[in-house]
Amino acid sequence: MRAAFIRSLINLARNDDRVFLLVGDVGYSLVEPFAEEFPAQFVNVGIAEQNMTGIAAGLALCDKMVFIYSLANFPTLRCFEQIRNDVCYHNANVKIVSSGGGLAYGALGATHHVTEDLAIMRALPNMTVIAPGDPVEAGLATQAIAGLPGPGYLRLAKTGDPVVHQRTPNFQIGRAITVREGNDATLIATGGILNNTVQAAERLAQRGIQTRVLSMHTIKPLDIESVLESARETGAIITIEEHSMIGGLGSAVAEVLAESGNYRIAFKRIGITDSFSSVVGSQEYLLKGLSLSVDGITDAVQSLLDTKTH
Amino acid sequence: MDNMNCSDARIARYKAFATQIRAHVLRMTHRAKSSHIGGCFSIADLLAVLYNGILQVDHTQPNMPDRDRFIISKGHVAAAVYATLAERGFFPLEWLDTFYQDGSHLPGHVTYGVPGAEASTGSLGHGLSISCGIALAGKRDNRSYRVFTLLGDGECDEGSIWEAALFAPHHHLDNLVAIIDYNKIQSFGMVKEVLDLDPLAEKWRAFGWAVKEIDGHDINQIENSLQNVPFEPEQPSCIIAHTIKGKGISFMENQLAWHYRHPNDEELQQALAELGVSE
Ligand SMILES: [Mg+2]
């Protein structure tokens, strides 16, 4: 997703000299082409995320469109109050981009696991929150977020993420992409876990269970219409996110369902339980322990549907 | 002799303006039962010079691209800043009566959207980074404006100030001026006792700023320093203004309590009398 992001950003900058890219001393073998082509619109501010965010707000107050890029929780939690007061309160044209969403940094350990960002960023007024499902979405999301006048958060996974979309989807902020049709249940995924979700759906199809898969790349504003439509048409909703079960996609969808008055929906959240990783492992290994592997998702869906039929 | 008279007249004008700000602040905090008078009074003389002889701003064109920017990083001195902006015509003086009140346009910390206010502040340690961004934009766009940022001494405890202090010299932001209201008192005690900043000038110098220390209540010194920025080419400027919290009112000077208290009726009368202002 990283490469798709920077390609898309370079294209943006070619057509819009307001585009700035600030990095917090990261981006090795990624951001160099941007820095070389647009040296006056690039700054490596050093390892100083609070300052980076304030600078971005200051630039935006001077009519720049500023992308901040860093890794893990550094561009969000480390400088959260700057995001709230300097970026969101001013409704400033600042886009925060984090690489390593979810458990992408696996064995680097829990300091580098990005597992509360969606919940926290979602709580901010004026903030749009996007977690693209694959590199295709990441490129489109970068373009789309640039079209917003105000703040945005873009959660990327890593390098070499699998491509889910074989054809360019219609990407609109706040509109879920239907990746797969089906009427037995709806799997709503956000971020890089979309790939495992689609694979789980294929496995379920082999068992005769046809699930709809939505890529809910935009967590805020949430596509309420798609959630309600899926609830009506499939009767069962499972949310899948590489994120804490508290406050992210599952919570956002639950809020919609709870207020919808349709209480006969079977509903389940799959995500990270309220804890830090207690074991060391690759992303794949950690996902397996959290029911976020293809097997884990498949089983969780199956058991929800089994309960429903009883 | 003409020069002398002219300068005297200018100084008298600054002083009268500073007195106006202090009088407004007294009335505003009295009416609102709000706080932070002490810090408002330590910067009143600085504001008077900035807004009457230094800043290239025009209340009829508040968004003029080449205007100088003034960022108040210690946003809790909103009463003094609003009084200044109102006196300079950015919004009607009557608005000051609504400070801190239900339904007002003027909250207790300086807020973007109030005419003339360039940024929202209130959480300490944010203003210098925002100012670096504005100064950087000015450099990259070849604009002539300068950015003046007023910091509190207590807020220099915040690490983000020092992140920005590293950034500005590295990027040669000589269009940036940090003014530190060094009144030696912070929220819960003397700076020296809470978290000593001394030697403060040496710290800024070591970070790469061109530094001048002045008496922040001496109009000549204030004007002289502000007129001569940047002090060095290619370097940001830092003015350490030695000030007195509560300056101008005998019973408020150097009293921590006036970071919090608002004047009662009697104290208001006494303070206005000391300023030589009638109610
Ligand atoms: Mg102080």
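The values are calculated or read from the model by the stated rules, or taken from the named source; none is laboratory data. Because the structure is predicted, anything quoted here is derived from the model rather than measured. Using ideal geometry, Cβ is built from the backbone for each residue, glycine included, and neighbour counts are taken over all protein chains shown. Accessible surface is based on the protein model in full, side chains and every heavy atom, while ligands, DNA and RNA are left aside. Shrake-Rupley method; radii C 1.70, N 1.55, O 1.52, S 1.80 Å.
Summary table below
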item	result
Whichever residue in segment A:147-169 is hydroxyl-bearing (Ser, Thr, Tyr) and either touching a Cys at 6+ places or on another chain (Cβ under 8 Å) or part of a loop (DSSP other than H, G, I, E, B) (or both) and, among such residues, is most open to solvent (accessible area, probe 1.4 Å)	A:168
Residue A:39 vs. criteria modelled with pLDDT of 95 or more and over 25 Å from the mean Cα position of the chain (by Cα)	yes
Selection status of residue B:154, farther than 22 Å from residue B:54 by Cβ, small (Gly, Ala, Ser) and more than 8 Å from every other protein chain (Cβ to nearest Cβ)	yes
Pairs where the first residue, in segment B:35-60, is open to solvent by 10 Å² or more (accessible area, probe 1.4 Å) and the second is of a type outside the set (A, V, I, L, M, F, W, C) and within 16 Å of the ligand (Cβ to nearest atom), C-beta under 6 Å, 6+ apart	B:35/B:260; B:36/B:76; B:45/B:217
Subset tally (residues that are open to solvent by 10 Å² or more (accessible area, probe 1.4 Å) and within 16 Å of the chain's Cα centre (by Cα)) for segment B:98-111	3
Residue identified as closer than 16 Å to residue A:150 by Cβ, in the same structural domain as residue A:126 (by TED's automatic domain parsing), open to solvent by 20 Å² or more (accessible area, probe 1.4 Å) and in a loop (DSSP other than H, G, I, E, B) among A:25, A:17, A:63	A:63
Residues satisfying the stated conditions in segment B:110-123, i.e. within 10 Å of chain A (Cβ to nearest Cβ) and not small (Gly, Ala, Ser)	B:111, B:112, B:118, B:121
Any pair with Cβ under 6 angstrom, 6 or more apart, that starts in segment B:137-161 at a residue that is in contact (Cβ under 8 Å) with a residue 12 or more places away in the chain and ends at one that is aromatic (Phe, Trp, Tyr) and within 16 Å of the ligand (Cβ to nearest atom)	B:153/B:182
Failed condition for residue A:54, given (1) outside any helix (DSSP H, G or I); (2) within 14 Å of another protein chain (Cβ to nearest Cβ); (3) in contact with a helix residue (DSSP H, G or I) (Cβ under 9 Å, 6 or more places away or on another chain); (4) not aliphatic (A, V, I, L, M)	(1)
Among residues of segment B:124-137, those that are more than 7 Å from chain A (Cβ to nearest Cβ) and closer than 16 Å to residue A:58 by Cβ, counted	4
Residue among B:155, B:193 that alone is within 16 Å of the ligand (Cβ to nearest atom), of a type outside the set (Phe, Trp, Tyr) and surrounded by fewer than 16 Cβ atoms within 10 Å (Cβ to Cβ)	B:193
Qualifying position, being without any contact (Cβ under 8 Å) to a residue 40 or more places away in the chain and surrounded by 15 or more Cβ atoms within 10 Å (Cβ to Cβ), among B:10, B:22, B:88	B:88
Residue check for residue B:137: touching a helix residue (DSSP H, G or I) at 6+ places or on another chain (Cβ under 6 Å) and within 19 Å of residue A:91 (Cα to Cα)	yes
First in segment A:271-289 and outside the structural domain of residue A:301 (by TED's automatic domain parsing) and surrounded by 12 or more Cβ atoms within 10 Å (Cβ to Cβ), second anywhere and part of a loop (DSSP other than H, G, I, E, B) and not hydrophobic (A, V, I, L, M, F, W, C), Cβ under 6 Å, 6 or more apart	none
Single residue of A:233, A:255 found to be farther than 29 Å from residue A:104 by Cβ and either surrounded by fewer than 21 Cβ atoms within 10 Å (Cβ to Cβ) or of a type in the set (Phe, Trp, Tyr) (or both)	A:233
Evaluation of residue B:71 against (1) away from chain A (no Cβ under 14 Å); (2) more than 15 Å from the ligand (Cβ to nearest atom); (3) open to solvent by less than 10 Å² (accessible area, probe 1.4 Å) (one fails), failing number	(1)
Within segment B:216-234, tally of residues that are touching a helix residue (DSSP H, G or I) at 6+ places or on another chain (Cβ under 6 Å) and more than 16 Å from the ligand (Cβ to nearest atom)	4
Residue within segment B:117-133 that is within 15 Å of the ligand (Cβ to nearest atom), outside any helix (DSSP H, G or I), among the hydrophobic types (A, V, I, L, M, F, W, C) and open to solvent by 10 Å² or more (accessible area, probe 1.4 Å) present	yes
Matching entry among A:91, A:73, A:44 (being away from every other protein chain (no Cβ under 13 Å) and surrounded by fewer than 24 Cβ atoms within 10 Å (Cβ to Cβ))	A:73
Selected residue [farther than 17 Å from residue A:116 by Cα and in a loop (DSSP other than H, G, I, E, B)] from A:280, A:256, A:301	A:280
Yes/no for residue A:8 being among the hydroxyl-bearing types (Ser, Thr, Tyr), more than 9 Å from chain B (Cβ to nearest Cβ) and in a helix (DSSP H, G or I)	yes
Qualifying position, being in a loop (DSSP other than H, G, I, E, B) and of a type outside the set (Asp, Glu), among A:84, A:78	A:78
Tally, over segment B:40-57, of residues that are among the hydroxyl-bearing types (Ser, Thr, Tyr) and farther than 19 Å from residue B:257 by Cβ	1
Filter result (in a loop (DSSP other than H, G, I, E, B) and free of Cβ contacts under 8 Å to residues at least 40 places away in the same chain) within segment A:170-192	A:170, A:181
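Residue-wise test of (1) away from chain A (no Cβ under 14 Å); (2) more than 20 Å from residue B:151 (Cα to Cα); (3) within 16 Å of the ligand (Cβ to nearest atom).
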site	(1), (2), (3)
B:14	yes, yes, no
B:19	yes, yes, no
B:23	yes, yes, no
B:29	yes, yes, no
B:36	yes, no, yes
B:39	yes, no, yes
B:43	yes, no, yes
B:49	yes, no, no
B:66	no, yes, no
